[in-house]
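> Here it is: the structure, laid out below.
The values are calculated or read from the model by the stated rules, or taken from the named source; none is laboratory data. Here the structure is a predicted model, which means the values were calculated and not measured. Here Cβ is always computed from backbone atoms with ideal geometry, including for glycine, and neighbour counts include all displayed protein chains.
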Amino acid sequence: MPEPRSPRLAVLIDADNASAKIVDGLFEEIAKIGEASVRRIYGDFANARSKAWIDVLARHAIIPQQQFAYTTGKNASDITLVIDAMDLLHSGRFDGFCLVSSDSDFTRLASRIREQGIDVFGFGEQKTPESFRQACRRFIYTENLAPSVVSNGADAAQAVSSLRPPSAAIPIIKRVIAEMETEDGWILLNVVGKQLANLASDFDPRTFGFKKLGDLVKKTNAFEVDHAEGRPFRIRLKAAPTKSSVKPAT
């Protein structure tokens, strides 16, 4: 029996709203989703700002779609990207689209593709407007795709400053657990992870400085954890302290 084919993806990059520094991490992340069958980037590559992208195109087999900026304030690159996306969508050859941009102008495009029953995976900075993030099935922050070892001190400081404290993840994890009632309160961690992705397209443990959801949960110290050897990872809400367990003030 032949092995099942990986999902076929169309990767469309907005050069004006994405940094070439994340290109290696970008395609590593996309490889976890499926096969990047189409790889196109849109921008004015005659502009010096796009030089960084020109240097990495061949390494990742990205096809540049040149759009000269004939008129100030008119983004021909965005229009071309949308036209190509619709052509690719109606070809019926793709299982998903990866839109790489922090521009909310692509919100309607993402919604339209999903209306067709095709998954959309967004990649952009944390400043990306919520409308675009929530229009995607999943949204991955490009800050999480930067190399783990950063030689430039300024880049390293920026990467650290973009991290959110683990405590910021507590409310949404509690919300998921509360919505998934069980007899004893224990819920499998992988089930929690799937529901988190459904509830918030941009939820990612890496945003809080952890590669794994389990490590993030432990660090919050807000949940009971059952991770005994040979058993699946489970979590539940910590029980509220009873009056008898509260020590009187002295």
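Per-residue answers, yes or no, for (1) at pLDDT 95 or above; (2) of a type in the set (Phe, Trp, Tyr); (3) more than 17 Å from the chain's Cα centre (by Cα):
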{"residue": "Ile30", "(1), (2), (3)": "yes, no, no"}
{"residue": "Tyr70", "(1), (2), (3)": "no, yes, yes"}
{"residue": "Asp95", "(1), (2), (3)": "yes, no, yes"}
{"residue": "Gly117", "(1), (2), (3)": "yes, no, yes"}
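> Inside the stretch 108-120, can you point out the residues that are β-branched (Val, Ile, Thr) and surrounded by fewer than 20 Cβ atoms within 10 Å (Cβ to Cβ)?
Ile118
> Still on this model: So which residues in the stretch 1-17 are touching a Ser or Thr at 6+ places or on another chain (Cβ under 9 Å) and either buried (at least 18 other Cβ atoms within 10 Å of the Cβ) or in a loop (DSSP other than H, G, I, E, B) (or both)?
Listed by number, the residues that qualify are Leu9, Ala10, Val11, Leu12, Ile13, Asp14, Ala15, Asp16, Asn17.
> With the requirement that a residue be assigned to a loop (DSSP other than H, G, I, E, B) and surrounded by 18 or more Cβ atoms within 10 Å (Cβ to Cβ), what does the stretch 18-43 give you? Don't jump to the end; show me each part of the working.
Taking the stretch 18-43 first, the residues assigned to a loop (DSSP other than H, G, I, E, B) are 18-19, 34.
The answer is Ala18, Gly34.
> If you take the residues in the stretch 187-203 that are β-branched (Val, Ile, Thr) and touching a residue at least 24 places away in the same chain (Cβ under 8 Å), which one is surrounded by the most Cβ atoms within 10 Å (Cβ to Cβ)? Reasoning before the result, please.
The initial filter retains those residues of the stretch 187-203 that are β-branched (Val, Ile, Thr), namely 187, 191-192.
Now drop any that are not touching a residue at least 24 places away in the same chain (Cβ under 8 Å), which leaves 187, 192.
On the way: Ile187: 19, Val192: 22.
Out of the qualifying residues, it is Val192.
> Which of the residues that make up the stretch 115-129 are more than 18 Å from Gly25 (Cβ to Cβ) and either among the aromatic types (Phe, Trp, Tyr) or part of a strand (DSSP E or B) (or both)?
Asp119, Val120
> If I filter the stretch 205-237 down to residues being surrounded by 13 or more Cβ atoms within 10 Å (Cβ to Cβ) and in a loop (DSSP other than H, G, I, E, B), which single residue comes out as modelled with the lowest pLDDT?
Here the residue is His227.
> Looking at the stretch 90-107 only, could you name the residues that are touching a helix residue (DSSP H, G or I) at 6+ places or on another chain (Cβ under 8 Å) and over 18 Å from Ile63 (Cα atoms)?
Within the stretch 90-107, Gly96, Ser102, Asp103, Ser104, Asp105, Phe106, Thr107 meet the criteria.
> Which of the residues that make up the stretch 204-226 are polar (S, T, N, Q) and in contact with a strand residue (DSSP E or B) (Cβ under 9 Å, 6 or more places away or on another chain)?
Within the stretch 204-226, just Thr207 meets the criteria.
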